[in-house]
Amino acid sequence: MEYYDSFSLRRFHEDLERNAVSLAFHGSFSQDTIGLINISLQQNDNAKTLTKRIFSLVVEMAQNIHHYSAKKIYSEKFDREIGVGVLAISETEGYYIITSGNFIEQKDVLEIGERFEEINDMNDDELKTLYKERRKMPQRPDKPGANLGFIDIRRKSGNRINYEIIEKNNNNSFFILSAKINKSIN
Amino acid sequence: MENFFIESSTYIPKIDFNCETNILSIEGESYHEYTVEFFQPVFEWLDKFLAEPSKEITMNFKMTYFNTSSSRRFLEVLNLLEEYQDESEGKVTVNWYYEEGDIDMLESGEEYEEDVNIDFNLIPYSN
(Lines give C-alpha, C1' and ligand atoms only; values in the text may rest on other atoms or scores of the structure.)
Protein backbone atom coordinates (compact mmCIF):
# COMPACT_ATOMS: atom_id res chain seq x y z
CA MET A 1 0.00 0.00 0.00
CA GLU A 2 1.14 3.50 -0.74
CA TYR A 3 1.15 6.00 2.12
CA TYR A 4 0.28 9.63 1.71
CA ASP A 5 2.97 10.64 4.17
CA SER A 6 5.73 9.04 6.20
CA PHE A 7 3.44 7.89 9.04
CA SER A 8 2.90 4.16 8.91
CA LEU A 9 -0.23 2.95 10.60
CA ARG A 10 0.94 -0.60 10.07
CA ARG A 11 4.15 -0.02 12.05
CA PHE A 12 2.22 1.93 14.69
CA HIS A 13 -0.29 -0.88 15.07
CA GLU A 14 2.46 -3.52 15.26
CA ASP A 15 4.14 -1.51 17.98
CA LEU A 16 0.92 -1.34 19.97
CA GLU A 17 0.32 -5.07 19.58
CA ARG A 18 3.87 -6.05 20.47
CA ASN A 19 3.69 -4.10 23.74
CA ALA A 20 0.13 -5.11 24.58
CA VAL A 21 -1.07 -1.52 24.55
CA SER A 22 -4.77 -1.58 25.38
CA LEU A 23 -5.26 2.15 25.20
CA ALA A 24 -3.31 5.01 23.67
CA PHE A 25 -4.35 8.61 23.34
CA HIS A 26 -2.56 11.54 21.76
CA GLY A 27 -4.13 14.97 21.85
CA SER A 28 -5.57 17.48 24.28
CA PHE A 29 -6.54 16.10 27.67
CA SER A 30 -9.99 17.53 28.33
CA GLN A 31 -12.43 16.31 30.97
CA ASP A 32 -14.31 14.49 28.22
CA THR A 33 -11.20 12.57 27.20
CA ILE A 34 -10.62 11.40 30.76
CA GLY A 35 -14.28 10.42 31.09
CA LEU A 36 -14.01 8.25 27.97
CA ILE A 37 -10.87 6.54 29.29
CA ASN A 38 -12.82 5.83 32.49
CA ILE A 39 -15.61 4.14 30.52
CA SER A 40 -13.08 2.13 28.56
CA LEU A 41 -11.37 0.93 31.77
CA GLN A 42 -14.70 -0.26 33.20
CA GLN A 43 -14.96 -2.75 30.35
CA ASN A 44 -12.15 -4.98 31.57
CA ASP A 45 -12.77 -7.62 34.21
CA ASN A 46 -10.02 -6.67 36.64
CA ALA A 47 -10.66 -6.33 40.36
CA LYS A 48 -12.32 -2.99 41.16
CA THR A 49 -9.43 -1.76 43.29
CA LEU A 50 -6.97 -2.45 40.49
CA THR A 51 -9.15 -0.69 37.91
CA LYS A 52 -9.53 2.31 40.20
CA ARG A 53 -5.81 2.53 40.83
CA ILE A 54 -5.11 2.41 37.11
CA PHE A 55 -7.71 5.16 36.63
CA SER A 56 -6.12 7.24 39.43
CA LEU A 57 -2.80 7.13 37.65
CA VAL A 58 -4.46 8.04 34.36
CA VAL A 59 -6.30 11.00 35.93
CA GLU A 60 -3.27 12.44 37.69
CA MET A 61 -1.07 12.07 34.60
CA ALA A 62 -3.79 13.42 32.29
CA GLN A 63 -4.49 16.42 34.51
CA ASN A 64 -0.79 17.08 34.78
CA ILE A 65 -0.71 17.27 30.98
CA HIS A 66 -3.89 19.36 30.94
CA HIS A 67 -2.46 22.01 33.24
CA TYR A 68 1.27 21.95 32.70
CA SER A 69 2.04 20.80 29.18
CA ALA A 70 4.09 23.43 27.38
CA LYS A 71 2.02 22.71 24.27
CA LYS A 72 -1.63 23.70 24.51
CA ILE A 73 -4.52 24.12 22.15
CA TYR A 74 -7.61 26.24 22.61
CA SER A 75 -10.87 24.40 23.25
CA GLU A 76 -14.00 26.27 22.25
CA LYS A 77 -16.23 24.04 24.37
CA PHE A 78 -14.31 24.69 27.58
CA ASP A 79 -13.13 28.17 26.55
CA ARG A 80 -9.63 27.37 27.78
CA GLU A 81 -6.21 26.39 26.61
CA ILE A 82 -5.86 22.65 27.20
CA GLY A 83 -2.56 20.82 27.40
CA VAL A 84 -1.56 18.33 24.72
CA GLY A 85 0.29 15.11 25.38
CA VAL A 86 0.27 11.38 24.97
CA LEU A 87 -0.78 8.59 27.33
CA ALA A 88 -0.73 4.81 27.01
CA ILE A 89 -1.73 1.80 29.06
CA SER A 90 0.22 -1.34 28.29
CA GLU A 91 0.85 -4.57 30.11
CA THR A 92 3.40 -7.25 30.80
CA GLU A 93 2.78 -10.57 32.51
CA GLY A 94 2.88 -9.09 36.01
CA TYR A 95 2.14 -5.39 35.59
CA TYR A 96 0.02 -2.70 34.04
CA ILE A 97 2.16 0.15 32.85
CA ILE A 98 0.79 3.67 32.50
CA THR A 99 2.99 6.09 30.63
CA SER A 100 2.48 9.72 29.78
CA GLY A 101 4.49 12.24 27.79
CA ASN A 102 4.31 15.96 27.24
CA PHE A 103 6.46 18.97 26.50
CA ILE A 104 7.60 20.98 29.49
CA GLU A 105 9.37 24.28 29.75
CA GLN A 106 13.08 24.25 30.41
CA LYS A 107 12.62 26.08 33.72
CA ASP A 108 10.55 23.19 35.13
CA VAL A 109 13.08 20.45 34.34
CA LEU A 110 15.12 20.68 37.53
CA GLU A 111 12.12 20.82 39.84
CA ILE A 112 10.46 17.77 38.29
CA GLY A 113 13.62 15.70 38.62
CA GLU A 114 14.10 16.68 42.26
CA ARG A 115 10.52 15.80 43.14
CA PHE A 116 10.83 12.26 41.86
CA GLU A 117 14.16 11.72 43.57
CA GLU A 118 12.46 12.79 46.80
CA ILE A 119 9.50 10.42 46.60
CA ASN A 120 10.94 7.40 44.83
CA ASP A 121 12.85 6.10 47.83
CA MET A 122 10.14 6.75 50.41
CA ASN A 123 8.25 3.93 52.09
CA ASP A 124 4.44 3.87 52.46
CA ASP A 125 4.38 5.70 55.79
CA GLU A 126 6.71 8.45 54.59
CA LEU A 127 4.61 8.90 51.47
CA LYS A 128 1.43 9.12 53.50
CA THR A 129 2.98 11.71 55.82
CA LEU A 130 4.24 13.80 52.91
CA TYR A 131 0.85 13.57 51.18
CA LYS A 132 -0.98 14.76 54.26
CA GLU A 133 1.49 17.57 54.99
CA ARG A 134 1.29 18.79 51.42
CA ARG A 135 -2.51 18.63 51.44
CA LYS A 136 -2.68 20.94 54.45
CA MET A 137 -0.61 23.61 52.74
CA PRO A 138 -2.53 26.45 51.10
CA GLN A 139 -3.46 26.23 47.42
CA ARG A 140 -0.57 27.56 45.37
CA PRO A 141 -1.52 30.81 43.65
CA ASP A 142 -2.02 30.60 39.88
CA LYS A 143 -1.75 26.81 39.92
CA PRO A 144 -5.00 24.86 39.61
CA GLY A 145 -3.52 21.55 40.74
CA ALA A 146 -3.27 20.31 44.32
CA ASN A 147 0.49 19.66 44.17
CA LEU A 148 -0.26 16.06 45.18
CA GLY A 149 -0.37 14.28 41.84
CA PHE A 150 3.13 12.80 41.76
CA ILE A 151 2.87 11.57 45.36
CA ASP A 152 -0.50 9.99 44.61
CA ILE A 153 0.89 8.28 41.50
CA ARG A 154 3.77 6.93 43.56
CA ARG A 155 1.41 5.68 46.30
CA LYS A 156 -1.20 4.09 44.03
CA SER A 157 1.46 2.52 41.83
CA GLY A 158 3.25 0.89 44.75
CA ASN A 159 6.46 0.94 42.74
CA ARG A 160 9.20 3.39 41.86
CA ILE A 161 8.22 5.81 39.13
CA ASN A 162 10.44 6.06 36.09
CA TYR A 163 10.84 9.34 34.33
CA GLU A 164 12.90 10.70 31.51
CA ILE A 165 13.40 14.23 30.36
CA ILE A 166 14.59 14.51 26.78
CA GLU A 167 16.16 17.83 25.96
CA LYS A 168 14.82 19.46 22.84
CA ASN A 169 15.50 22.91 21.50
CA ASN A 170 13.42 26.09 21.73
CA ASN A 171 13.41 26.00 25.54
CA ASN A 172 11.29 22.86 25.59
CA SER A 173 11.99 19.35 26.82
CA PHE A 174 9.89 16.24 26.47
CA PHE A 175 8.91 14.71 29.81
CA ILE A 176 8.03 11.01 30.02
CA LEU A 177 6.51 9.50 33.13
CA SER A 178 6.06 5.77 33.56
CA ALA A 179 4.42 3.98 36.48
CA LYS A 180 3.58 0.34 36.94
CA ILE A 181 0.99 -1.45 39.07
CA ASN A 182 1.19 -5.08 40.10
CA LYS A 183 -1.68 -7.05 38.56
CA SER A 184 -1.87 -9.31 41.58
CA ILE A 185 -3.33 -6.74 43.98
CA ASN A 186 -7.01 -7.10 44.62
CA MET B 1 -31.50 30.33 52.90
CA GLU B 2 -31.98 27.72 50.19
CA ASN B 3 -30.74 24.19 49.93
CA PHE B 4 -27.78 23.53 47.67
CA PHE B 5 -28.00 20.84 45.03
CA ILE B 6 -25.82 19.76 42.10
CA GLU B 7 -26.67 16.63 40.12
CA SER B 8 -23.77 14.26 39.45
CA SER B 9 -22.28 14.02 35.99
CA THR B 10 -19.26 12.41 34.38
CA TYR B 11 -16.60 13.99 36.56
CA ILE B 12 -18.59 15.81 39.22
CA PRO B 13 -20.20 14.35 42.33
CA LYS B 14 -23.77 14.78 43.47
CA ILE B 15 -23.81 17.50 46.11
CA ASP B 16 -26.86 17.70 48.31
CA PHE B 17 -26.62 20.20 51.17
CA ASN B 18 -29.87 20.57 53.08
CA CYS B 19 -30.21 23.50 55.49
CA GLU B 20 -33.50 22.20 56.94
CA THR B 21 -32.22 18.78 58.01
CA ASN B 22 -28.57 19.95 58.35
CA ILE B 23 -27.51 16.87 56.42
CA LEU B 24 -24.79 17.57 53.86
CA SER B 25 -23.91 14.87 51.33
CA ILE B 26 -21.29 14.48 48.63
CA GLU B 27 -21.54 11.34 46.57
CA GLY B 28 -20.07 9.69 43.47
CA GLU B 29 -16.98 10.52 41.46
CA SER B 30 -15.07 13.79 41.58
CA TYR B 31 -12.28 14.52 39.15
CA HIS B 32 -12.99 18.00 37.89
CA GLU B 33 -9.83 19.65 36.59
CA TYR B 34 -10.59 23.01 38.20
CA THR B 35 -11.87 22.18 41.65
CA VAL B 36 -11.19 25.66 43.02
CA GLU B 37 -13.78 27.02 40.60
CA PHE B 38 -16.13 24.08 40.82
CA PHE B 39 -16.30 24.11 44.63
CA GLN B 40 -16.46 27.90 44.98
CA PRO B 41 -20.30 28.01 45.20
CA VAL B 42 -20.14 25.11 47.66
CA PHE B 43 -17.89 27.13 49.97
CA GLU B 44 -20.01 30.24 49.54
CA TRP B 45 -23.07 28.26 50.62
CA LEU B 46 -21.18 26.76 53.58
CA ASP B 47 -20.06 30.22 54.72
CA LYS B 48 -23.69 31.31 54.98
CA PHE B 49 -24.84 28.04 56.48
CA LEU B 50 -22.17 28.10 59.18
CA ALA B 51 -22.75 31.73 60.07
CA GLU B 52 -25.51 30.66 62.45
CA PRO B 53 -24.17 28.86 65.57
CA SER B 54 -25.21 25.74 67.50
CA LYS B 55 -26.32 23.49 64.66
CA GLU B 56 -26.08 19.74 64.72
CA ILE B 57 -24.64 18.80 61.34
CA THR B 58 -24.16 15.47 59.58
CA MET B 59 -21.65 15.42 56.74
CA ASN B 60 -21.84 12.35 54.49
CA PHE B 61 -19.16 11.37 52.02
CA LYS B 62 -20.02 8.45 49.75
CA MET B 63 -17.33 8.63 47.13
CA THR B 64 -16.32 5.97 44.64
CA TYR B 65 -13.39 7.96 43.26
CA PHE B 66 -11.83 11.40 43.69
CA ASN B 67 -8.68 13.00 42.34
CA THR B 68 -6.00 14.78 44.37
CA SER B 69 -7.47 18.15 43.55
CA SER B 70 -10.83 17.16 45.10
CA SER B 71 -8.98 15.61 48.03
CA ARG B 72 -7.70 19.04 48.97
CA ARG B 73 -11.19 20.59 48.72
CA PHE B 74 -12.66 17.86 50.97
CA LEU B 75 -10.07 18.64 53.62
CA GLU B 76 -11.05 22.32 53.39
CA VAL B 77 -14.71 21.37 53.94
CA LEU B 78 -13.75 19.29 56.97
CA ASN B 79 -11.59 22.10 58.35
CA LEU B 80 -14.54 24.49 58.12
CA LEU B 81 -16.74 22.03 60.00
CA GLU B 82 -14.09 21.49 62.66
CA GLU B 83 -13.77 25.23 63.12
CA TYR B 84 -17.56 25.51 63.37
CA GLN B 85 -17.61 22.86 66.09
CA ASP B 86 -14.81 24.52 68.04
CA GLU B 87 -15.91 28.13 67.74
CA SER B 88 -19.65 28.15 67.11
CA GLU B 89 -20.92 25.57 69.57
CA GLY B 90 -21.72 23.23 66.72
CA LYS B 91 -21.93 19.48 66.78
CA VAL B 92 -20.58 17.76 63.69
CA THR B 93 -20.60 14.10 62.69
CA VAL B 94 -18.88 12.84 59.56
CA ASN B 95 -20.00 9.60 57.94
CA TRP B 96 -17.44 8.29 55.49
CA TYR B 97 -19.02 5.53 53.38
CA TYR B 98 -16.85 3.14 51.40
CA GLU B 99 -17.76 0.09 49.36
CA GLU B 100 -16.87 -3.14 51.14
CA GLY B 101 -13.41 -4.21 50.00
CA ASP B 102 -12.45 -0.76 48.70
CA ILE B 103 -9.31 -0.52 50.81
CA ASP B 104 -8.16 2.69 49.16
CA MET B 105 -11.42 4.52 49.94
CA LEU B 106 -11.28 3.24 53.52
CA GLU B 107 -7.70 4.49 53.82
CA SER B 108 -8.70 7.90 52.46
CA GLY B 109 -11.35 8.11 55.17
CA GLU B 110 -8.85 7.15 57.85
CA GLU B 111 -6.47 9.83 56.66
CA TYR B 112 -9.14 12.51 56.99
CA GLU B 113 -10.16 11.15 60.37
CA GLU B 114 -6.57 11.60 61.58
CA ASP B 115 -6.45 15.16 60.31
CA VAL B 116 -9.57 16.62 61.92
CA ASN B 117 -10.98 16.50 65.39
CA ILE B 118 -14.58 15.57 64.52
CA ASP B 119 -16.73 12.50 65.26
CA PHE B 120 -15.87 10.29 62.35
CA ASN B 121 -17.62 7.07 61.29
CA LEU B 122 -16.12 4.80 58.65
CA ILE B 123 -19.05 2.86 57.24
CA PRO B 124 -18.80 0.01 54.71
CA TYR B 125 -21.67 -0.67 52.32
CA SER B 126 -22.21 -3.52 49.90
CA ASN B 127 -23.29 -3.02 46.35
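In table form, for the structure just shown:
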item: Conditions (1) within 14 Å of another protein chain (Cβ to nearest Cβ); (2) surrounded by 14 or more Cβ atoms within 10 Å (Cβ to Cβ): number failed by residue B:9; result: (2)
item: Residue check for residue A:72: under 23 Å from residue A:170 (Cα atoms), exposed (fewer than 15 other Cβ atoms within 10 Å of the Cβ) and basic (Lys, Arg); result: no
item: All positions within segment B:1-57 that are in contact with a Gly (Cβ under 8 Å, 6 or more places away or on another chain), farther than 21 Å from residue A:143 by Cα and without any contact (Cβ under 8 Å) to a residue 24 or more places away in the chain; result: B:8, B:10, B:14
item: Selected residue (only one of A:6, A:22, A:56 is more than 29 Å from residue A:79 (Cα to Cα) and either touching a residue at least 40 places away in the same chain (Cβ under 8 Å) or assigned to a helix (DSSP H, G or I) (or both)); result: A:22
item: Segment A:137-152, residues that are touching a helix residue (DSSP H, G or I) at 6+ places or on another chain (Cβ under 7 Å) and charged (D, E, K, R); result: A:152
item: Residue among A:90, A:100, A:75, A:69 that alone is hydroxyl-bearing (Ser, Thr, Tyr) and over 19 Å from residue A:164 (Cβ atoms); result: A:75
item: Checking residue A:124 against (1) touching a Lys or Arg at 6+ places or on another chain (Cβ under 8 Å); (2) open to solvent by less than 30 Å² (accessible area, probe 1.4 Å); (3) closer than 25 Å to residue B:107 by Cβ, the condition it does not meet; result: (2)
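The values are calculated or read from the model by the stated rules, or taken from the named source; none is laboratory data. Keep in mind that this is a model prediction, so the values were computed, not measured. Using ideal geometry, Cβ is built from the backbone for each residue, glycine included, and neighbour counts are taken over all protein chains shown. Ligands, DNA and RNA are stripped out before the accessible areas are found, and what is left, the full protein with its side chains, is counted by its heavy atoms. Shrake-Rupley method; radii C 1.70, N 1.55, O 1.52, S 1.80 Å.
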